[in-house]
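For reference, the structure discussed in these notes is given below.
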Amino acid sequence: MNAWLVLFALFVGGVTARAFSGRRELEDQLQYGPLKPGHKTYLIEPLMLPLYILVVLGMGLVVPAVFWMDRRGVFHLVAGQLGLLFLHISAYYALLLLLLPLLRRVISARACAALWLTPTFLYVMTYQPNLQRTALAALPLPRPLLLPALALWALGFVGVVGWQVLSHLSLRRTLLRTGQPLEDPEVLRQWNMECRRHGVKRDIPILVWPQVGTPMTVGCFERTMVLALPRASYSPKERELIFRHELRHIIRCDSRTKVFLGFCAAMCWFNPLGWLACRRAAEDLELSCDEAVLEGADEGTRKEYALLLLNSAGTGRGYTTCLSAAAGSLRYRLKRVMKPGRRLAGSLAVGVSMFALFVTFGSVALADSPASARELIFDRAPQGITLDRVTVDSWHEPEEKYQDVFGYDAGAITEYLVSLPLRQVYAGRYELKEGRQLWLDYMEQADGEDVSRTYIILSDGVLTAGIPYDGQGDLTFLVDGEIDWDYLDSLLDFTVPDPDPPRSRPELQLSFDGPDGNPQDPPLSAMSRVWSITDAQGTRVPDDESFGVGGTFGRTLTKAVLMFSPSPYDGYTVTVERWDGSERYTLSSQELEGDLLPLAPYSAHYTVRGEFAVGDALYDMDFYFDIGQQADQEVWQTG
């Protein structure tokens, strides 16, 4: 497992636990005074994950170049990430359903509700696939079934989301059309007072709606929210309990949490556990508000609240929050109201769940059924490509890193590759395995020029490839069976030299003699500047300067041995300029004994000018260095 992933997950888990604790402490302030206007107490914006996916999909389809892919590649990328989300959220919710009875006895209802919401943080993992862990297994999804399965899933997803949205809009439209504005000044005064106490800045209207059997809040944002009350008579104490319950939903943005839960249900529309999980999550939202409203309440208040629940049982529709939505959960809610018991706050549980979500995301991948590399890679690559470069890594010894091989049997290597059985990974992360790796570049040429590159990297169990014009970015494949490395080794000849060795920049190193000179000292490298390079393509002037040792100072030196690599093409000159610029002279290589340069008795700048042949290129360049003689150190120390 990636150590950075573990550290990142620990950090996110710790921040989440602290944030949950901070939100709980913020709500606890309501026992002593009002919240600051505009403060919300949700753990994270519930719509973050759905909005992120919609934005990425929209950007990718409109401007696919942002992802270095075409529209088909973006679609496959988003579909793959949705597949991972479906698998991960399904497994997480199934485990949470299994543990829920125990969790409800041990931790607070608010913590239980937060546990259903933590998967919205997974947008971080879909945004940074490189943070995902290496998959432990791959579920097979044969290519012929891929598009039909995606189409069926998308049809169900759009249908469920459409039904949810239309149901919510229908409820809201009916409420606004048939509901009557509440005009009782006493009730409005009490409502406005509670709104200010809970930090709600906007005025949320109250409508009386005969068709509703329980108080409910309709709307996902404060500017669109409406509190719907049944046509019933409530005492001031009952109104206080109702208002505080609904306002907890409002400051926690539970309506938007319902949207997120609906998104999860739509994503897992064919999985009954997904629907069951969303119902349990909705129950925990109500339980957490019950718990918050009754914090520190006496037995009489609890009894009154329990009667209010009994008399207000109804049905929640759309993305609404309501006092008592489901008769099926009423018995459990009444039990929690009357016998709350002592439970842990649950901050640690929320942090641990976040850590677990992050470190396990991507444990299961989706992959194609087996096919040959010819079908999956070479038939999709440009026609007429030829093997142009072979590189090996850790071939004979682990410490032997990235070595180019210039002798190889291109036909036999390609023939071996096309026969490999591969499975393309649709979603999930696999890394190249440590140990032997074979890197291959296949080039497409037109008019003698390279126009595209198809690359393949082979390791034990995993192969990656990049196919030009494919529009899907880097591709990952699982290799079924063992790689015959001995056979591949027999196709490589490591003794063949590089037919076109890379150019090495000319260098000048210096060794000094004199009273303070020692030929055994390591040589110094002079700085250099290339003025022009002439080769078959013509003459060009690079903007180039090397960084070497500027010289030597504080010693008495008489001679310098010039060690060129390579030797000058046709002699060279040495210009000597006194440090203060008062004296200047030039020596040619013909005036020197070999490459032994007599040094001036004063501190000076030295410039060596010459031409140097490297392969078919001719470098016109300067080398320069400074000598600060001991005799006039005040000059070079201040100059």
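Going residue by residue through region 159-181, is there one that turns out to be in a helix (DSSP H, G or I), in contact with a Phe, Trp or Tyr (Cβ under 6 Å, 6 or more places away or on another chain) and more than 28 Å from residue 358 (Cβ to Cβ)?
Filtering region 159-181 for residues in a helix (DSSP H, G or I) gives 159-178.
Filter once more, so that each one left must be in contact with a Phe, Trp or Tyr (Cβ under 6 Å, 6 or more places away or on another chain): 160, 168, 175.
Going one step further and asking which of them are more than 28 Å from residue 358 (Cβ to Cβ), we end up with 168, 175.
Yes.
Among the residues of region 15-50, how many are in contact with a Gly (Cβ under 6 Å, 6 or more places away or on another chain) and closer than 20 Å to residue 352 by Cα?
2
Let's see how each residue does on (1) in contact with an Asp or Glu (Cβ under 6 Å, 6 or more places away or on another chain); (2) modelled with pLDDT under 90; (3) in the same structural domain as residue 373 (by TED's automatic domain parsing):
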site: 409; (1), (2), (3): no, no, yes
site: 416; (1), (2), (3): no, no, yes
site: 431; (1), (2), (3): no, yes, yes
site: 441; (1), (2), (3): yes, no, yes
site: 458; (1), (2), (3): no, no, yes
site: 479; (1), (2), (3): no, no, yes
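Here's the yes/no breakdown for (1) at pLDDT below 90; (2) surrounded by fewer than 17 Cβ atoms within 10 Å (Cβ to Cβ); (3) in the same structural domain as residue 291 (by TED's automatic domain parsing); (4) in a helix (DSSP H, G or I):
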| position | (1), (2), (3), (4) |
| --- | --- |
| 15 | no, yes, yes, yes |
| 41 | yes, no, yes, no |
| 44 | yes, no, yes, no |
| 49 | yes, no, yes, yes |
| 58 | yes, yes, yes, yes |
| 65 | yes, yes, yes, yes |
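Answer yes if at least one residue in region 545-566 is surrounded by fewer than 14 Cβ atoms within 10 Å (Cβ to Cβ), in the same structural domain as residue 607 (by TED's automatic domain parsing), within 44 Å of the chain's Cα centre (by Cα) and charged (D, E, K, R), and no otherwise.
Yes, region 545-566 has at least one match.
Looking only at region 583-631, which residues are hydrophobic (A, V, I, L, M, F, W, C) and free of Cβ contacts under 8 Å to residues at least 40 places away in the same chain?
First, pick out the residues of region 583-631 that are hydrophobic (A, V, I, L, M, F, W, C): 587, 592, 596-597, 599-600, 604, 608, 612-614, 617-618, 621, 623, 625, 627, 631.
Across region 583-631, the qualifying residues are 587, 592, 596, 597, 600, 604.
Which of the residues that make up region 518-537 are within 13 Å of residue 618 (Cβ to Cβ) and either at pLDDT 90 or above or touching a His at 6+ places or on another chain (Cβ under 6 Å) (or both)?
Pass one, region 518-537, residues within 13 Å of residue 618 (Cβ to Cβ): 530-537.
Across region 518-537, the qualifying residues are 530, 531, 532, 533, 534.
Step by step: first the residues of region 231-253, then only those that are buried (at least 17 other Cβ atoms within 10 Å of the Cβ) and of a type in the set (A, V, I, L, M), then the one that is farthest from residue 307 (Cα to Cα). Which residue is that?
So the residue we want is 251.
Restricting to region 182-212, what's the tally of residues that are buried (at least 18 other Cβ atoms within 10 Å of the Cβ), part of a loop (DSSP other than H, G, I, E, B) and of a type in the set (A, V, I, L, M, F, W, C)?
Residues in region 182-212 being buried (at least 18 other Cβ atoms within 10 Å of the Cβ), part of a loop (DSSP other than H, G, I, E, B) and of a type in the set (A, V, I, L, M, F, W, C): 4 in total.
Quick check, is residue 246 modelled with pLDDT under 90, in a helix (DSSP H, G or I) and charged (D, E, K, R)?
On the way: modelled with pLDDT under 90: no; in a helix (DSSP H, G or I): yes; charged (D, E, K, R): yes.
No, not satisfied.
Please list, ordered by residue number, the strands (runs of 3 or more DSSP E) wholly in region 461-535 having 3 or more residues that are of a type outside the set (A, V, I, L, M, F, W, C).
Numbers: elements: 462-466, 474-479, 507-513, 527-535.
Of the strands (runs of 3 or more DSSP E) lying wholly inside region 461-535, those with at least 3 residues that are of a type outside the set (A, V, I, L, M, F, W, C) span 507-513, 527-535.
Among 553, 564, which is the only one that is among the hydrophobic types (A, V, I, L, M, F, W, C) and either assigned to a loop (DSSP other than H, G, I, E, B) or at pLDDT below 90 (or both)?
Working: 564 fails: either assigned to a loop (DSSP other than H, G, I, E, B) or at pLDDT below 90 (or both).
One residue alone meets the criteria, 553.
Out of curiosity, is residue 580 free of Cβ contacts under 8 Å to residues at least 24 places away in the same chain, of a type outside the set (A, V, I, L, M, F, W, C) and in a loop (DSSP other than H, G, I, E, B)? If you could, list the steps in order and put the result at the bottom.
Values: free of Cβ contacts under 8 Å to residues at least 24 places away in the same chain: no; of a type outside the set (A, V, I, L, M, F, W, C): yes; in a loop (DSSP other than H, G, I, E, B): yes.
For residue 580, the condition - free of Cβ contacts under 8 Å to residues at least 24 places away in the same chain, of a type outside the set (A, V, I, L, M, F, W, C) and in a loop (DSSP other than H, G, I, E, B) - is not met.
Filter region 605-630 down to residues that are hydroxyl-bearing (Ser, Thr, Tyr) and either under 18 Å from residue 578 (Cα atoms) or at pLDDT 95 or above (or both) and give me whichever is surrounded by the fewest Cβ atoms within 10 Å (Cβ to Cβ). Walk me through how you get there before you give the answer.
Let us first name the residues in region 605-630 that are hydroxyl-bearing (Ser, Thr, Tyr), namely 606-607, 619, 624.
Subset that is either under 18 Å from residue 578 (Cα atoms) or at pLDDT 95 or above (or both): 606-607, 624.
Numbers: 606: 22, 607: 16, 624: 18.
My answer is 607.
Can you tell which of 143, 133, 110, 71 is assigned by TED's automatic domain parsing to the domain that holds residue 267 and modelled with pLDDT of 90 or more?
On the way: 143 fails: modelled with pLDDT of 90 or more; 133 fails: modelled with pLDDT of 90 or more; 71 fails: modelled with pLDDT of 90 or more.
Of 143, 133, 110, 71, the one residue that is assigned by TED's automatic domain parsing to the domain that holds residue 267 and modelled with pLDDT of 90 or more is 110.
So, residue 228, is that one more than 16 Å from residue 37 (Cα to Cα) and buried (at least 21 other Cβ atoms within 10 Å of the Cβ) or not?
Working: more than 16 Å from residue 37 (Cα to Cα): yes; buried (at least 21 other Cβ atoms within 10 Å of the Cβ): yes.
Spelling it out, residue 228 is indeed more than 16 Å from residue 37 (Cα to Cα) and buried (at least 21 other Cβ atoms within 10 Å of the Cβ).
Taking the condition of being in contact (Cβ under 8 Å) with a residue 40 or more places away in the chain, more than 17 Å from residue 220 (Cβ to Cβ) and of a type outside the set (A, V, I, L, M, F, W, C), how many residues in region 162-185 meet it?
Here the count works out to 1.
Looking only at residues in region 404-458 that are touching a Pro at 6+ places or on another chain (Cβ under 8 Å) and among the basic types (Lys, Arg), which one is surrounded by the most Cβ atoms within 10 Å (Cβ to Cβ)?
Result: 423.
Show the residue pairs meeting these rules: Cβ distance below 7 Å; 6+ apart or different chains; first residue within region 502-524 and of a type in the set (S, T, N, Q); second residue in a loop (DSSP other than H, G, I, E, B).
509/523; 511/519; 511/523
When you scan region 577-594, how many residues do you find that are farther than 19 Å from residue 626 by Cβ and at pLDDT below 90?
Selection size over region 577-594: 2.
Every residue in region 148-191 that is in contact with a helix residue (DSSP H, G or I) (Cβ under 7 Å, 6 or more places away or on another chain), farther than 21 Å from residue 225 by Cβ and β-branched (Val, Ile, Thr), please.
First pass over region 148-191, keeping only residues in contact with a helix residue (DSSP H, G or I) (Cβ under 7 Å, 6 or more places away or on another chain): 150, 157, 160-161, 164, 182, 187, 190-191.
If we keep only those that are farther than 21 Å from residue 225 by Cβ too, we end up with 150, 157, 160-161.
The answer is 160, 161.
Could you check residue 422 against (1) in contact with a helix residue (DSSP H, G or I) (Cβ under 7 Å, 6 or more places away or on another chain); (2) of a type outside the set (S, T, N, Q); (3) in a loop (DSSP other than H, G, I, E, B) and say which number it fails?
(3)
The values are calculated or read from the model by the stated rules, or taken from the named source; none is laboratory data. It should be emphasised that the depicted structure is a prediction, and the values quoted were computed from it without experimental measurement. Neighbour counts are summed over all protein chains in view; Cβ atoms, including those assigned to glycine, are modelled from backbone coordinates with ideal geometry.
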